[in-house]
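Since every read-out is calculated from the coordinates, none of them should be taken as a lab result. All of these numbers come straight from a predicted model, not from anything done at the bench. Don't worry about glycine lacking a Cβ; one is built from the backbone with ideal geometry, like all the others, and counts go over all protein chains shown.
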Amino acid sequence: MLTDSKALIDTNILVYALDKDSEKHEKAKETIKNQCEKGSAIVSAQNLAEFVFVVTEKKKKLSAEQANQFVFDLSDNSAVLSYSTSEIIRASQLKFEYKTNFFDSLIVATMEKAGVFTIITENEKDFVKINWLKVINPFKV
């Protein structure tokens, strides 16, 4: 069960929530719905951009209009974090400190600046390296 604290929903959860062919679809959809209903859903602008890319270009599961509608709906029901130059620099530091990839580090730097220390993701192995970050995999809960 997820806590009542604010938690960033990672891109993979967003993608599964819209991928009706995935066995993880229902759990991902339920996870997002629960976080939004509790007012504890957070996404980053980076997650939303990655989501649109994956579902419209990589997996080609949605039209641009469908993907955009999901982004608008999610943005209305969650807080959206953006990043700036300072988060890019911090991400570079995190990358080397924790041996993570840059884009995961950018999400973490964006979360850190916003005071969000929980991420909901299937990608445990990369985010668990960051000792102050709580990582929740909804598919294991």
Exercise. Looking only at the range 76-89, which residues are within 20 Å of Ala7 (Cα to Cα), surrounded by 14 or more Cβ atoms within 10 Å (Cβ to Cβ) and either of a type outside the set (A, V, I, L, M) or out of contact with any strand residue (DSSP E or B) (no Cβ under 8 Å at 6 or more places or on another chain) (or both)?
Worked result: Asn77, Ser78, Tyr83, Glu87
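When the range 78-121 is examined, which residues are found to be within 23 Å of Val15 (Cα to Cα) and among the acidic types (Asp, Glu)? Full working, then the answer.
Of the residues in the range 78-121, the ones within 23 Å of Val15 (Cα to Cα) are 78-83, 100-111, 116-121.
The answer is Asp104, and nothing else.
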Exercise. Give me the pairs: first residue in the range 24-40 and within 19 Å of Val80 (Cβ to Cβ), second residue surrounded by 14 or more Cβ atoms within 10 Å (Cβ to Cβ) and of a type in the set (Lys, Arg), beta-carbon distance under 8 Å, and six or more apart or on different chains, which are they?
Worked result: Ser40/Lys6
For this session: With the condition kept exactly as written, say whether any residue in the range 106-114 is touching a helix residue (DSSP H, G or I) at 6+ places or on another chain (Cβ under 7 Å), polar (S, T, N, Q) and farther than 29 Å from Asp21 by Cβ.
Result: yes
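Taking the range 110-123, which residues are assigned to a helix (DSSP H, G or I) and either of a type in the set (S, T, N, Q) or surrounded by fewer than 22 Cβ atoms within 10 Å (Cβ to Cβ) (or both)?
Taking the range 110-123 as the starting set, the residues that turn out to be assigned to a helix (DSSP H, G or I) are 110-114.
Scanning the range 110-123 gives Thr110, Glu112, Lys113, Ala114.
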Exercise. Here is a list of conditions, (1) loosely packed, with under 15 Cβ neighbours inside 10 Å; (2) part of a helix (DSSP H, G or I); (3) free of Cβ contacts under 8 Å to residues at least 24 places away in the same chain, and Ser105 meets all of them except one; can you say which number that is?
Worked result: (1)
